[in-house]
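Derivation of every value follows stated rules applied to the coordinates shown; laboratory data play no part. Predicted model only: the values in this text are computed from it and were never measured. With ideal geometry, Cβ positions are generated from the backbone for all residues, glycine too; neighbour counts draw on all protein chains shown.
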Amino acid sequence: METRLFINGTWKKAANGTFAVKNPANNEEIGQAADGGADETKEAIEAAEAAFPSWSHRTAGDRASYLKEIHRLMMEKQDELGELITREMGKPLHEAKGEVAYAASFLEWFAEEGRRIYGDTIPAGSPDKRMMVLHQPVGVTAAITPWNFPQAMVTRKVAPALAAGCPVVLKPAEDTPLSAVRFAEICEEAGLPDGVFNLITGEDAAAIGGELMGSQAVRKMTFTGSTGVGQTLMEQGASDIKKLSLELGGHAPVIVLDDADMEKAVDGTVASKFRNAGQTCVCGNRIYVEEAIHDTFVDRLKEEVEKLQVGDGFAEGTSVGPMINKEGWDKVDRHVKDALDKGAELVTGGRGWEENGGWFYEPTILKNVTSDMIIMEEETFGPVAPIQKVSSDEEAVRHANNSPFGLASYFFTESMSRGVKTAEGLEFGIVGWNDGRPSAAQAPFGGWKQSGIGREGGHEGIKPFLETKYISIGL
Ligand code: ADP
């Protein structure tokens, strides 16, 4: 695999050499990635800038043909790309292959959405005027992505940018650069014109990010990651009012009302909570269950959670892989210990260990959890389900909304009227009603409050890469 940077359609050695990429399941080196820095980032920005006029002037259908070819190649290589995700990120292989299909779906969706960048005509206030509105590409786009979906976070940003006519400079997470390198190789194979997609891998995120944010040629930054880095990017972007899309931390509540279908509630909670070992920003992080069904729910959830198998993502039957690194594991351990110290009761799990350099944590359920525990305030990013008993729908929604975060939320009820009230009462960008798997290319993804700015996916997902131009014509 390439160990160079992809700039202006060619592979270029990084001045700083390369850095090792490791498998989180066993800490073994699986490859090297180029260690790009500020100078190379500048070069990539210049390449994107040079590519902008011709890329933005192509027809939407022409751009779509490249996106569709990238989609086709990704699906053709689904198994291989999935194996690479498992190797560098740790998630179980079946989830990784699923991620490839999800990642590819953004190429297909935005290939089509690019053809639907409609404008408006507006009835003018006088007979000798005409008014119209166009949407044009914002310009060179920078994308910074996290490690938890090494392929899907890349395409969810790159596909709409390219479809809209914006060349991209991508900086993937230093933990998972290889999936992005494979994506660049696929773009090359698809014949994408030079400079339209550029890749800067590197360990010095602050240097690369600083160059991207400091450049006036970069008109748009789209970022997924921690709230802290999102704040830094906002500060850095203040000087030139850079357009920003931010997809930041979540702290998703799961509410189980007393008329819930128990199987749907248990299945949805397991799907939301334990997918990717709990390492997604939409994972259920705190569970509120109404008194009447609390004990039954805990028992059924325990049964299902005890079936989950922890281990290397390549091992047959694994449903929960390793934590991405020791820091991630430490956070999970700290949250569980804090809850137990403050009176929570362990229902199952609670054990974490290191094995061959990989950091694993058993799927865990805690009950008798209270709002003063860290786990009910902070995103855990691990396989722990803390359950708090509540006595009414209103109390559940109040707890759910009592957070600075507002990305995903989930609730379970069979009642139409309780469901509508609950859905409307939740201050979150995504609500799963009897659904623990709401993410889809055709739906808007993003958060309220400190969970971010803007939406990815859906017909809204292309708008952040467009500027609006109002043209007033005097006849
Ligand atoms: P996580 O906690 O998920 O690792 P981060 O926000 O640290 O979240 O990482 C998400 C992405 O942000 C990664 O690609 C990382 O390299 C990048 N990143 C980290 N620090 C900075 C920074 N100062 N400027 C720009 N990007 C950064």
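Pairs from the list 68/449; 157/242; 342/389; 220/326; 97/242 with a Cα-Cα gap above 25 Å: 68/449; 220/326; 97/242.
Converting phi to 3J(HN,Hα) with the Karplus coefficients 6.51, -1.76 and 1.60 and the offset θ = phi - 60°, segment 90-103 yields x, 5, x, 4, 5, 5, 5, 5, x, 4, 4, 5, 5, 4 Hz in sequence order, with x at every glycine or proline. Amide H contacts of residue 357: none lie under 5 Å away among residues 5 or more positions distant or on a separate chain (H built 1.01 Å from N in the peptide plane; Pro and chain starts excluded). Charged side chains reduced to their Cβ positions (Lys and Arg at +1, Asp and Glu at -1) give the chain a dipole of some 1460 debye around its Cα centre. As a length-normalised measure over Cα pairs under 8 Å and 6 or more apart, the relative contact order of the chain settles at 18 percent. Using the rule -39500 (n - 2.57) for each DSSP H run of four or more residues, divided by the residues of the chain, the 222 nm mean residue ellipticity is -12000 deg cm²/dmol.
Phi-derived couplings, Karplus 6.51 cos²θ - 1.76 cosθ + 1.60 at θ = phi - 60°, listed residue by residue for segment 59-64: 6, 4, x, 5, 4, 4 Hz, with x used for Gly and Pro. For segment 125-278, place one equal point scatterer on every Cα, skip the solvent, and apply the Debye formula. What is log10 of I(q)/I(0) at q = 0.19, 0.20 Å⁻¹? Computed log10 I(q)/I(0) values: -1.13, -1.22.
Each residue of segment 296-313 was assigned a 3J(HN,Hα) from its phi angle through the Karplus curve 6.51 cos²θ - 1.76 cosθ + 1.60 (θ = phi - 60°); the sequence is 5, 4, 4, 5, 5, 5, 4, 4, 6, 5, 5, 7, 6, 10, 8, x, 4, x Hz, with glycine and proline shown as x. Within the chain, DSSP assigns beta bridges of which about 50% are antiparallel (rounded to the nearest 5). Specify the longest stretch of the chain that does not include any exposed loop site, a site being one of the trypsin sites (Lys or Arg not before Pro) with a non-H, G, I, E, B DSSP assignment and at most 16 other Cβ atoms within 10 Å. The longest uninterrupted stretch comes out as 59-306. Close amide-amide hydrogen proximity is noted between residue 245 and 221, 222, 223, each under 5 Å apart and 5 or more residues distant or on a separate chain (H modeled in the peptide plane; Pro and chain starts excluded). Only one residue of 239, 163, 126 has its Cα farthest out toward the positive end of the dipole of segment 97-248, where Lys and Arg carry +1 and Asp and Glu -1 on Cβ, and that residue is 126.
Shape of the chain from its Cα gyration tensor (a ≥ b ≥ c, root eigenvalues): rounded if a/c is under 1.5, otherwise prolate when a/b > b/c, or oblate? Cα axes put the chain in the oblate bin.
Pull out a ≥ b ≥ c, the square roots of the eigenvalues of the alpha-carbon gyration tensor of segment 269-322, then state rounded if a/c is under 1.5, prolate if not and a/b is larger than b/c, and oblate in the remaining case. Oblate shape, in that a/c is at least 1.5 and b/c is the bigger or equal ratio. Direction-averaged projected area, Cα convex hull, segment 252-433: 9.5 nm², rounded to one decimal. A cut-off of 5 Å between modelled amide H atoms, ignoring neighbours fewer than 5 places along the same chain, links residue 284 with 273. Residue exposure proxy: 56, 65, 239, ordered by other Cβ atoms within 10 angstrom of their Cβ from fewest to most, comes out as 239, 65, 56.
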